[in-house]
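The values are calculated or read from the model by the stated rules, or taken from the named source; none is laboratory data. Everything numeric here is computed off the predicted structure, so don't read it as measured data. Ideal geometry is used to build each Cβ from the backbone, glycine not excepted, and the neighbour counts take in all protein chains shown. Keep in mind that these areas ignore ligands, DNA and RNA; they rest on the heavy atoms of the full protein, side chains included. Shrake-Rupley method; radii C 1.70, N 1.55, O 1.52, S 1.80 Å.
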Amino acid sequence: MPPWPKWGLMRWTVLSPQAEATMEQCASVEREVDKVLQKFLTYGQHCEQSLEELLHYVGQLRAELASAALQGTPLSATLSLVMSQCCRKIKDTVQKLASDHKDIHSSVSRVGKAIDRNFDSEICGVVSDAVWDSREKQQQILQMAIVEHLYQQGMLSVAEELCQESTLNVDLDFKQPFLELNRILEALHEQDLGPALEWAVSHRQRLLELNSSLEFKLHRLHFIRLLAGGPEKQLEALSYARHFQPFARLHQREIQVMMGSLVYLRLGLEKSPYCHLLDNSHWAEICETFTRDACSLLGLSVESPLSVRTLPPAAEQWQCARLLSAGLSVWPLQPCSLFRSFASGCVALPVLMNIKAVIEQRQCTGVWSHKDELPIEIELGMKCWYHSVFACPILRQQTSDSNPPIKLICGHVISRDALNKLINGGKLKCPYCPMEQNPADGKRIIF
């Protein structure tokens, strides 16, 4: 085999003209960004050096003035001249730094102009407005998500202010669960178990249906607080242990550990094998458990609505990116909470723009005429899976409330629209096996 040339192991990639143009557009914007970063670096170094020199100069002058004052000599003409020069130097330095800072602002604005010049900023044109709700409706949906986020984060006054400024009408029934949860969480943060225990007892049956151990953990934490009180609280702790009786079958081991700790109460739990019971991490754990179980009980999402609300229906991923691109930015609230929504929109948007170009090129109509699903599947990864999805193997369409999955007698599952199309003479023959059956025998499946 002949020896490889020097470039023999390099990968050569032939880019399409469109890809080359896109790369050049990106490079153009990157060059402007690099200029701004370089100016920031240079300005920072120059600013620091100028201020240090000015501080040193003023410090020397101050020392000379202090020396003259100690000697009781009047201010000489030389010192007066030096002071005038110092004031002038301070003024000139400040003006120079302000001028350089103003020049940086113009460089930053050139980055935005480069983006507008090189890229299509009209992202909303990817899909017809007829597919979506009106702009006012979209704004209302986003505002409602922000308000719910604020209520869930405990920022009640901010949520009320937003409702007033946006004229958003929020019912008291909507607010009440958040107000109650925040009140209980605030009490837990202050290590007050009373409100949480009262809530857990009143919702005991529903919590048991969820296999929740919240009530037991609250009683356990109260018992541990009594143990921390020392031997003086021993009788009270023994009396309170009666609350563990309903939980003995499921939490026998944990109850045994707590009762065993009573042996070391007089010696001090801090130096006993049960010192882990006094760990402060139990309070963080109980807050997390309460939030999770209470949200499950009330049908609320544990995470912020800004994080997950726009994700379950595939089309809403695009809607979030569309709202953001239209100037409805919510970054000042909590940037990290938008990560999944924004990241999903970033993944979906380039694909949708390519689909738009193909549709226009081939003059296809009706490819995407509703918002129940995207025209193609876009893989977002396991982290963005929030519900089960079934695609009909016959029509290759994702099922919906109006077109649910139907289980046939033979066990195969197809969509209702496919079932209706396969009916012939009042009978249905499964497309996967030869079994004939009555279409009415099909059962709807709910995932």
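If the chain linking Glu161 and Asp116 were pulled fully straight, counting 0.36 nm for each residue of separation and taking away their Cα-Cα distance, it would gain 12.8 nm.
Segment Ile409..Leu235, full-extension length gain: 56.2 nm, with 0.36 nm per residue of separation and the alpha-carbon distance subtracted.
Each part gets one Cα centre, and for region 221-259 versus region 63-115 those centres are 70 Å apart.
Applying a threshold of 26 Å to the alpha-carbon distances of Lys421/Lys443; Lys356/Lys443; Lys35/Lys102; Lys39/Lys89; Lys137/Lys175 flags Lys356/Lys443 as lying beyond it. Taking a straight Cα-Cα cut-off under 20 Å and skipping sequence neighbours fewer than 8 places away in the same chain, the aspartates and glutamates within cross-link reach of Lys91 are Glu48, Glu52, Glu53, Asp100, Asp103. Simple spin-label estimate for Glu285 and Glu64 gives 7.0 nm between the two label positions (7 Å along the Cα-to-Cβ direction from each Cα). Carbon-plus-sulfur accessible fraction, region 171-298 (probe radius 1.4 Å, protein heavy atoms only): 51%. Each residue was assigned an accessible area with a 1.4 Å probe, and for Tyr264 the value is about 80 Å². The apolar share of the surface of region 391-444, taken as the fraction of accessible area on carbon and sulfur atoms (1.4 Å probe, ligands and nucleic acids excluded), comes to 46 percent. Name the residue farthest towards the positive end of the dipole of region 171-298 from the options Ile255, Ala284, Leu214, assuming +1 on Cβ of Lys and Arg, -1 on Cβ of Asp and Glu, about the Cα centre. So the residue furthest toward the plus end is Ile255. Solvent-accessible area per residue in region 171-298 equals 59 Å², computed with a 1.4 angstrom probe and all protein chains kept.
Dipole size of region 151-196 about its Cα centre, with +1 on Lys/Arg Cβ and -1 on Asp/Glu Cβ: approximately 80 debye, rounded to the nearest 20. In this simple spin-label model, placing a label point 7 Å from the Cα along the Cα-to-Cβ direction at both Leu179 and Ser76 gives a separation of 7.6 nm. Take the Cα of Tyr432, step 7 Å toward its Cβ, do the same at Tyr264, and the gap between the two points is 5.8 nm. What the Cβ-Cβ distance of His243 and Leu278 gives, at R0 = 25 Å and to the nearest 0.05, is a FRET efficiency of 0.80.
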